[in-house]
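Notes follow the structure.
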Amino acid sequence: MTGTETMKTTYREAMRAAIRDALQRDDRVFLMGEDVGRYGGCFAVSLGLLDEFGPERIRDTPLSESAFVGAGIGAALAGMRPIVEIMTVNFSLLALDQIMNNAATLLHMSGGQCNVPLVIRMTTGAGRQVAAQHSHSLEGWYTHIPGIKVLAPATLTDARGMLWTALQDPDPVLIFEHGSLYNMHGSLTADAGAVDIRSAAVRRAGADVSLITYGGTLSTTIAAAETLAGDNIDAEVIDLRSLRPLDDKTITDSVAKTHRAVIVDEGWRTGSLAAEISARIMEQAFWDLDAPTERVCGAEVPMPYPRHLEQAALPGADAIVAAVRRAVG
Amino acid sequence: MTPAQAEIAVKEALRQVTPGADTGSVAADADLRDTFELDSLDFLRFVEILSERSGERIDEDDYPQLVTVASAVKFLTGRARR
Amino acid sequence: MPVLGADMDEGTVLEWLVKPGDEVRKGDVIAVIDTEKSAIEVESFAAGTIKQLAVSVGETVPVGTVLAIIAEPAGERAEPAPAATAAERMPRELARPEPSTPAVPAPRPVSPVIRHRARELGIDLATIGGTGPAGSVTGEDLEHAAARLRPAAAPLPTAASPRPARSPQKPGPGAGRRRVTPLARRLAAELGVDLAAVAGTGPAGAIREADVRLAEPAGKRAAPAAAAAPAARSAAERNQSMRQAIARLMARSKREIPHYYVSNTADMTRVMSWLYDRNRELEVSQRLVPAALLLKAAALAARQVPQLNGYWEDDAFRPAEAVHLGVAVSLRGGGLLTPAIHDAAGLQLGELMSRMRDLVTRARSGRLRSSELTDGTITVTNLGDRGVESVYGVIYPPQVALVGFGRIIERPVVVGGLVGARPVVATTLAADHRATDGYTGSRYLSVLGDLLQRPEEL
Amino acid sequence: MSRAAAKGAPPEAAHRRDLLRQMLLIRRFEDKCVELYSAGEIRGFVHLYIGEEAVAVGVNEAVTAEDSIVSTYREHGHALARGLPLDSVMAEMYGKTSGCSRGRGGSMHLFDVSRRFYGGNAIVGGGLPLSIGIALADKLRGEQRVTACFFGDGAVAEGEFHECMNLAALWDLPVLFCCENNLYAMGTALERAQAQTDLALRAGSYGMPAWAVDGMDVLAVQHAARGAVEAIRAGGGPHFLELRTYRFRAHSMYDPERYRDKSEVEEWKKRDPVDLLACRMRESDELTDADFQAMGDALTGEIDKAVAAAKAAPAEPVEDLTRFVYSPEPI
């Protein structure tokens, strides 16, 4: 197969291919987390890797988030390149001490001596009716922390390509995989590989309004943009890709062109990543604005179980379209 | 639709199509397209609004009957009586 | 005054455990200091004789203030350390009542802190039992004893003074300040537009980009000013400024662009009958007007003759990738602007019709977006509704062609040797001779005429 | 220098002298810290190790330069015993660029990766997972290294402690857990915080060898640590030492000490680890009072020099405020 040929794949398979690739290319890499081995991963991302790489490198852990995330940090300090999987972002709070107080601070506290080349992957987001302890989008919290980088692959290419680049980074990188994306189908070229992890991408060019989003809400946002095109409103859609650091330039360039911004973020509105982006637009693109920025965020409620309530709590295409209409006037 | 209702409907439609238009002093037999500078799109919109208000279908063949306020009123009241 | 905690800025001397003349060793406890958090024993970092106590009991001083002067044992130096100046000391706002009686000699060893706390609480140490090692009195013992002595309830504080009256009523929201978007504000400053004279068309009358462009003084833009705003007061001013903008642009066009003109007459029989059949089946809102077909034909013809679709820039013609059809829209009360229908050649007729309606409506209500005003690659002017038979227009720089349509009118036409009445339209083209020659212009009109014979393909 | 040493004392005696010197260095260093802190020269939280010196010195004797150390916020002793230069530790107290953490850490965050000293961790129990990870890396690479992790009795109440005991035992990791039981988690006495106060017993429940050691006796600590390290290196998995010790001073610099009685402190001071070793050496004629005095004086001189150097050292320019948040970009 040559590089230009494409093959059908899913987000899940692309992520697995990325892990396999990393394990093959660098023997310092190992995967560690709850049920990543025999079970195959809670979301079946690592299915089959145990047979391929053995229990030392596909390492099942007890339900001890703090201990195994901290162990990942320690192993990274000692020269390994661990990939730590946390089942969901809600569970990551049990390891927040290690992520915040160690991974993010060691380099600075040690005056530059202790960098932590660790990658932590976790599932985020709602849409699967798993209620209020498995559904939240807390990546915005993590973007508050200097010392770590935060990624949100929203496409197959990024699912396939971000991990390797993250493993090359000398500092801790958190990868947030939206749970609704694992079954996303599509095709990748056979030679798909590492991608940059610092820039945002314009997924749809447009002239009238900038829709800024990431992760699980990208497809909703693109759908909204298509609806708007029918109304002769030409929306640009930006996929942030990297949530920390933020690619300010792509955002402000777009706003300078369209003069309007609508931010779509599944996280809760108050103190959200959307708030941060809105603030940056005020700081850096205020004089380009021809309307107030709009935010379309998750409802401020612990995620309810019933489908209709869950859907109502999430940023939908209708809400995005309405926000754009307000902005465009 | 009474003649009075029809006249109100015509004038409201004109005001919607040409915001700020002075429909109070328009002569009953003045050519609407000339008086209010209606282009074909404006006229289409005018017809659309009248159709919505009267609940009557208005065909292209009927357009010549909508040239003045008087003829439009006559058209609408005549339609209603049928 | 030593630093006794990370958050300590000042301290109060609660008790001196030494007096001038006493010998102290390094590490001896010499005083009790009250910080915000607790009373702490302070040790000496030097050995020698206490020469002077510089801060008296009850005084609060900042950290770093000299508390006492200790002479070195041999007495070699008379002034071993400078005393704090009076100015450095901060008098305590509420003086602590000085203990009036000396400490009660306790029968057991009692730490200075305990002794001091007992005095504060007014407890005679001799009267309470100790639970600490060797029966010593602990802090807990003291607190228990104090709790027993405490009266049942503390007196309530006196009624609070009434709240200060609120300041006079604030002016109502929006009074005195125009709502202007940041972009509009910036643009106004750049273009020298006085915002006071601009009517806003945004929410609650907010002034937006389009409003400023409309009010812009002539000559600063490459295209006629943007949208009409409804406010009547400044309509005359706006008309004037738009007039000036058009004047500059058109003068520039005629000055710079060597125009040539060609014209033709297109038979509209098929178009009109096709339209009649089509519209008959449709609701009013979905009907097409002839102009929609003319625009579509003009766009398709521009695609087939790409030499006319694009810009003359830097002494060269640059063809455009798509046909963005500028449509001249006359504004009520004067003036015109030319918003573009993006990719007009690729649109279905129904869609093109609705875009056209939308553009005209928004152009007249001042809701155009700036991109719609600057993107045209070729422009059409259709004055047929006004009754003229043909129009020879002026090209919008940097475009290179302008297509004109006159009134669709029945004329005697010879077909197959017979004269008959047929609807026809005069099609004209004004083109930039730098970019093309008359031959190309003729070809365009010929293609256009052919397209109008196949309305079902438009 | 004593006559005995000058004549070429037996190696054990020289070794004991070295232990004494290390403990005394820590003691004098911290005495100086108290003085400097009181004078406002150094600030922040400063947790003194005075009374616990035998633990750091004894454990460090059992490990090699290849092994790793993970420490707590009460780590001046661990750092100095590990061999971090006195100057760099003192400069860190001053927040200067010549500090072992370039001044970014201060008292609670001393680091020296070149000595595999992975820092002072100021979250109680927070260093335990790191030690697990470092040991895991060593094990995955087939290194024969041991990671010694210090933590206090307070950490035993943290969930992380139990997660890590389990993980280390489950994965058979080469970690020496050194629990410095000084009887107080800040102001909370052990028996007021722990249902089972026998900490070795609790560690033992995870299936690892664990026992209590007299943490005031440097020789006992050294002996226990050597035994444990040897067993770990031989593949015996993690070991746990409960080092029973006592801090003579407040939790952090000064506190009102409402939580313990003076007489208790006095009682423990009778077993001062420095005095304890010095007495033994006097008894066996390895040390004279003059030797001891001279040793102390020499150390005081070194410390004064370190203070002078720290004061003179450059401070980080404010323009560099946000350095070391991320690694520098590769060129």
Looking only at region A:203-218, filter to residues that are within 14 Å of A:I263 (Cα to Cα) and under 16 Å from the mean Cα position of the chain (by Cα); which one of those is farthest from the other protein chains (Cβ to nearest Cβ)?
A:G216
Those residues that are among the polar types (S, T, N, Q), crowded, with 17+ Cβ neighbours inside 10 Å and more than 12 Å from chain D (Cβ to nearest Cβ), I need them from region C:19-60; list them, please.
C:T60
Screening D:R244, D:R271 for residues that are away from every other protein chain (no Cβ under 13 Å), of a type outside the set (S, T, Y) and within 13 Å of D:I50 (Cα to Cα) leaves only D:R271
Those residues that are out of contact with any Lys or Arg (no Cβ under 6 Å at 6 or more places or on another chain) and more than 20 Å from A:D247 (Cβ to Cβ), I need them from region A:178-187; list them, please.
A:S180, A:L181, A:N183, A:M184, A:H185, A:G186
All but one of (1) within 17 Å of A:V296 (Cα to Cα); (2) part of a helix (DSSP H, G or I); (3) under 19 Å from the mean Cα position of the chain (by Cα) hold for A:G267; which doesn't?
(2)
Only one of C:S365, C:S354, C:S371 is under 23 Å from C:Q286 (Cα atoms), modelled with pLDDT under 85 and surrounded by fewer than 20 Cβ atoms within 10 Å (Cβ to Cβ); which?
C:S365
Of those in region D:88-105 that are on the phi > 0 side of the Ramachandran plot and within 9 Å of another protein chain (Cβ to nearest Cβ), the residue surrounded by the most Cβ atoms within 10 Å (Cβ to Cβ) is D:R102
Within region D:118-128, the residues that are touching a helix residue (DSSP H, G or I) at 6+ places or on another chain (Cβ under 7 Å) and surrounded by fewer than 24 Cβ atoms within 10 Å (Cβ to Cβ) are D:I123, D:V124, D:G126
Residue check, C:V323 against (1) away from chain A (no Cβ under 14 Å); (2) crowded, with 23+ Cβ neighbours inside 10 Å; (3) in a helix (DSSP H, G or I), all met but one. Which one?
(3)
The residue from A:A229, A:A194 that alone is assigned to a loop (DSSP other than H, G, I, E, B), surrounded by fewer than 23 Cβ atoms within 10 Å (Cβ to Cβ) and not β-branched (V, I, T) is A:A194
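Per-residue answers, yes or no, for (1) away from chain C (no Cβ under 13 Å); (2) in contact (Cβ under 8 Å) with a residue 60 or more places away in the chain; (3) under 30 Å from C:L352 (Cα atoms):
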site: B:T18; (1), (2), (3): no, no, yes
site: B:A27; (1), (2), (3): yes, no, no
site: B:S54; (1), (2), (3): no, no, yes
site: B:I58; (1), (2), (3): no, no, yes
site: B:P64; (1), (2), (3): yes, no, yes
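Within region D:62-70, is there a residue that is in contact with a helix residue (DSSP H, G or I) (Cβ under 8 Å, 6 or more places away or on another chain) and in a helix (DSSP H, G or I)?
yes
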Residues being outside any loop (DSSP other than H, G, I, E, B) and within 11 Å of chain A (Cβ to nearest Cβ): count how many of those fall in region C:374-389.
1
Those strands (runs of 3 or more DSSP E) completely within region A:1-60 that have 2 or more residues that are more than 21 Å from the chain's Cα centre (by Cα), surrounded by fewer than 20 Cβ atoms within 10 Å (Cβ to Cβ) and modelled with pLDDT under 95 are A:6-10
Restricting attention to region C:119-159, which residues are within 14 Å of chain D (Cβ to nearest Cβ), within 19 Å of C:E15 (Cα to Cα) and at pLDDT 75 or above?
C:L142
If we keep only residues of region D:132-167 that are more than 9 Å from every other protein chain (Cβ to nearest Cβ) and small (G, A, S), then the residue surrounded by the fewest Cβ atoms within 10 Å (Cβ to Cβ) is D:G142
What number of residues within region D:108-164 are under 17 Å from A:V69 (Cα atoms), touching a Ser or Thr at 6+ places or on another chain (Cβ under 8 Å) and small (G, A, S)?
4
Considering only residues that are buried (at least 16 other Cβ atoms within 10 Å of the Cβ) and modelled with pLDDT under 85, look in region C:1-18 and name the one that is farthest from the other protein chains (Cβ to nearest Cβ).
C:M8
Restricting attention to region D:33-49, and to residues there that are within 10 Å of chain C (Cβ to nearest Cβ) and part of a helix (DSSP H, G or I), which single residue is farthest from D:N60 (Cα to Cα)?
D:S38
Can you pull out every residue in region C:259-303 that is in contact with a Phe, Trp or Tyr (Cβ under 8 Å, 6 or more places away or on another chain) and not aliphatic (A, V, I, L, M)?
C:Y261, C:S263
Which pairs turn up if I take residues in region A:268-286 that are over 20 Å from A:L138 (Cβ atoms) and look for partners that are of a type in the set (S, T, N, Q) with beta carbon separation below 6 Å, at least 6 apart in sequence or on another chain?
A:I281/A:T293; A:Q284/A:T252; A:A285/A:T252
How many residues does region A:70-102 contain that are facing chain D (nearest Cβ under 7 Å), buried (at least 20 other Cβ atoms within 10 Å of the Cβ) and either in a loop (DSSP other than H, G, I, E, B) or touching an Asp or Glu at 6+ places or on another chain (Cβ under 6 Å) (or both)?
2
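So which residues in region C:212-221 are outside any loop (DSSP other than H, G, I, E, B) and at pLDDT below 85?
Here is the first cut: in region C:212-221, the ones outside any loop (DSSP other than H, G, I, E, B) are C:212-215.
Within region C:212-221, C:R213, C:L214, C:A215 qualify.
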In region B:29-52, anything under 25 Å from C:V360 (Cα atoms), assigned to a loop (DSSP other than H, G, I, E, B), more than 8 Å from chain C (Cβ to nearest Cβ) and of a type in the set (D, E, K, R) is listed as B:D31
When region D:279-331 is checked residue by residue, the ones that are within 14 Å of chain A (Cβ to nearest Cβ) and of a type in the set (V, I, T) are D:T322, D:V325, D:I331
If you check every pair at least six apart or on different chains, which have Cβ atoms under 6 Å apart with a residue in region C:269-280 that is away from chain B (no Cβ under 12 Å) first and a residue that is hydrophobic (A, V, I, L, M, F, W, C) and surrounded by 14 or more Cβ atoms within 10 Å (Cβ to Cβ) second?
C:V271/C:L293; C:V271/C:L452
Could you figure out which of (1) closer than 20 Å to D:I69 by Cα; (2) hydrophobic (A, V, I, L, M, F, W, C); (3) out of contact with any Asp or Glu (no Cβ under 6 Å at 6 or more places or on another chain) isn't true of A:A67?
(3)
Please pick out the residue among C:G406, C:G417, C:G449 that is over 30 Å from C:D315 (Cα atoms), out of contact with any strand residue (DSSP E or B) (no Cβ under 9 Å at 6 or more places or on another chain) and assigned by TED's automatic domain parsing to the domain that holds C:P319.
C:G417
At pLDDT below 95, out of contact with any helix residue (DSSP H, G or I) (no Cβ under 8 Å at 6 or more places or on another chain) and small (G, A, S), is that true of D:A231?
no
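The values are calculated or read from the model by the stated rules, or taken from the named source; none is laboratory data. Everything numeric here is computed off the predicted structure, so don't read it as measured data. Ideal geometry is used to build each Cβ from the backbone, glycine not excepted, and the neighbour counts take in all protein chains shown.
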